[in-house]
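I have placed the structure first, in the form of structure tokens, so that the comments after it can refer back to it.
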Amino acid sequence: MRTRRLPGTDLDLSVVGFGCWAIGKTWWGDDVDDDSSVAAIHRALDLGVTWFDTAPIYGWGHADEVLAKGLGSHKKDVVIATKVGVSRIGEHAHSLLTAENLRADLEASLTRLGVDCIDLLQVHWPCESSTPFEVTFAALDDLRREGKFKHLGVCNYNAAALPQIASITKLVSLQMGYSLVRREFEAGERAMCEQLGLGMLAYEPLCRGLLTGKFTHAPTFPETDLRARDDRFKGNRFLHGQRLAADLAKVASKVGVPTSAVAIGWVAAQPGVTAVIVGAKRPEQVEQNVRAAELVDKAKVWEVVNRIAAVHGGTPR
Ligand SMILES: NC(=O)c1ccc[n+]([C@@H]2O[C@H](COP(=O)([O-])OP(=O)(O)OC[C@H]3O[C@@H](n4cnc5c(N)ncnc54)[C@H](OP(=O)(O)O)[C@@H]3O)[C@@H](O)[C@H]2O)c1
């Protein structure tokens with residue numbers, strides 16, 4: 001497994017990280033099983049994955065508990081990245097970035113994960129309750145001084161917000177969606193990350209499974225799966241992703257890797273990307289996905305994939 005240093009930190013991240021959203025067991029269907037999730041984490045450790053991305057809202061804490069169980073005594077050998085600031089209001093998630101909420105959220109995460117300090121703490125998404133940046137990031141600095149986390153990142157903030165935040169606190173990373181069908185990063189945030197020296201952690205590289213090529217027809221998901229309400233699995237947007245995935249499958253077969261590895265490897269090979277976070281429910285998925293690391297330097301493969309992506313067009317609306 002290839003690793004890259006997250007700029008401004010002592011953290012070496014495998015180019016393929018493990019995303020814990022699905023193993024939280026809410027919003028990802030009825031086939032999530034804790035034993036399989038733990039087995040997937042074990043396989044990731046065996047195959048050299050050095051970092052795990054979780055969040056309090058993934059199963060409202062359940063993902064953290066499964067991650068803690070799966071890592072066991074290896075907690076100290078890997079990087080745990082988690083998030084802070086999003087609260088549950090009824091069945092909805094709401095970003096509440098007050099000092100009190102940040103402290104309570106972080107302390108609950110430390111307890112669930114069974115650690116004293118988080119390696120990388122990320123604000124999950126911009127505030128939906130009008131707390132100014134100055135209040136939020138000063139409160140986070142207090143928590144950092146208390147030793148509750150080491151490094152700070154943000155998720156889902158736009159290019160305009162990043163320099164404002166970086167002028168208040170020491171920021172090291174941006175996490176946002178990036179894949180062959182979701183390319184907004186290239187338009188604004190990439191240049192800003194470069195200017196500010198931030199690492200970029202790319203989520204949803206498989207477009208929630210669509211770019212594995214496994215969906216040959218528009219799927220029907222149970223209501224418990226958020227993809228039942230995801231337009232990328234319907235109509236023309238589904239056809240776009242499905243045809244792109246079919247072409248990626250041809251490249252994958254020539255190179256001798258699974259299709260998912262090509263989709264993930266493309267993201268990992270893009271300028272400005274430090275590492276990619278991939279969700280997995282089972283060990284076999286991890287085995288396929290980590291093969292992306294073999295491809296990162298294969299410029300000829302990316303020339304072909306870029307030509308295919310150009311034929312299919314960019315982010316469909
Ligand atoms: N900061 C944020 O706001 C934010 C937002 C989204 C995600 N994230 C993070 O990024 C991680 C990754 O994103 P994501 O999980 O939403 O999407 P993703 O990585 O694009 O897709 C993951 C899903 O694809 C399917 N899959 C994975 N590998 C596969 C394989 N080899 N073959 C077939 N199917 C496979 C699995 O679901 P099925 O088996 O059910 O198809 C899996 O749950 C998350 O877990 C989370 O840690 C962060």
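Brief remarks on what is shown
- Qualifying residue in the stretch 222-245 (condition: within 24 Å of Asp297 (Cβ to Cβ) and assigned to a helix (DSSP H, G or I)): yes
- Selection from the stretch 283-309 of residues that are assigned to a helix (DSSP H, G or I) and of a type in the set (A, V, I, L, M): Val286, Val290, Ala292, Ala293, Ala299, Val301, Val304, Val305, Ile308, Ala309
- Hits in the stretch 1-27 - residues which are of a type in the set (S, T, N, Q) and in a loop (DSSP other than H, G, I, E, B): Thr9, Thr26
- Of the criteria (1) out of contact with any helix residue (DSSP H, G or I) (no Cβ under 6 Å at 6 or more places or on another chain); (2) within 30 Å of Val79 (Cα to Cα), which one Glu303 fails: (2)
- Checklist (1) touching a residue at least 12 places away in the same chain (Cβ under 8 Å); (2) closer than 25 Å to Val49 by Cβ; (3) within 10 Å of the ligand (Cβ to nearest atom) applied to Val255, failing item: (3)
- Hits in the stretch 197-221 - residues which are closer than 30 Å to Asp12 by Cβ, part of a loop (DSSP other than H, G, I, E, B) and of a type in the set (A, V, I, L, M, F, W, C): Leu198, Leu206, Cys207
- Only listed residue being open to solvent by 30 Å² or more (accessible area, probe 1.4 Å) and either more than 13 Å from the ligand (Cβ to nearest atom) or of a type in the set (Val, Ile, Thr) (or both), chosen from Arg182, Arg190: Arg190
- Pairs where the first residue, in the stretch 20-34, is more than 6 Å from the ligand (Cβ to nearest atom) and the second is among the aromatic types (Phe, Trp, Tyr) and open to solvent by less than 10 Å² (accessible area, probe 1.4 Å), C-beta under 9 Å, 6+ apart: none
- Taken as a whole, the condition of being of a type in the set (Lys, Arg), at positive phi and either open to solvent by 30 Å² or more (accessible area, probe 1.4 Å) or within 11 Å of the ligand (Cβ to nearest atom) (or both) does not apply to Arg232.
The values are calculated or read from the model by the stated rules, or taken from the named source; none is laboratory data. Predicted model only: the values in this text are computed from it and were never measured. When we count neighbours, we look across all protein chains shown, and the Cβ atoms used for this are built from the backbone with ideal geometry, even at glycine. For the accessible areas, the whole protein counts, side chains as well, though only heavy atoms, and no ligand, DNA or RNA atoms are used. Shrake-Rupley method; radii C 1.70, N 1.55, O 1.52, S 1.80 Å.
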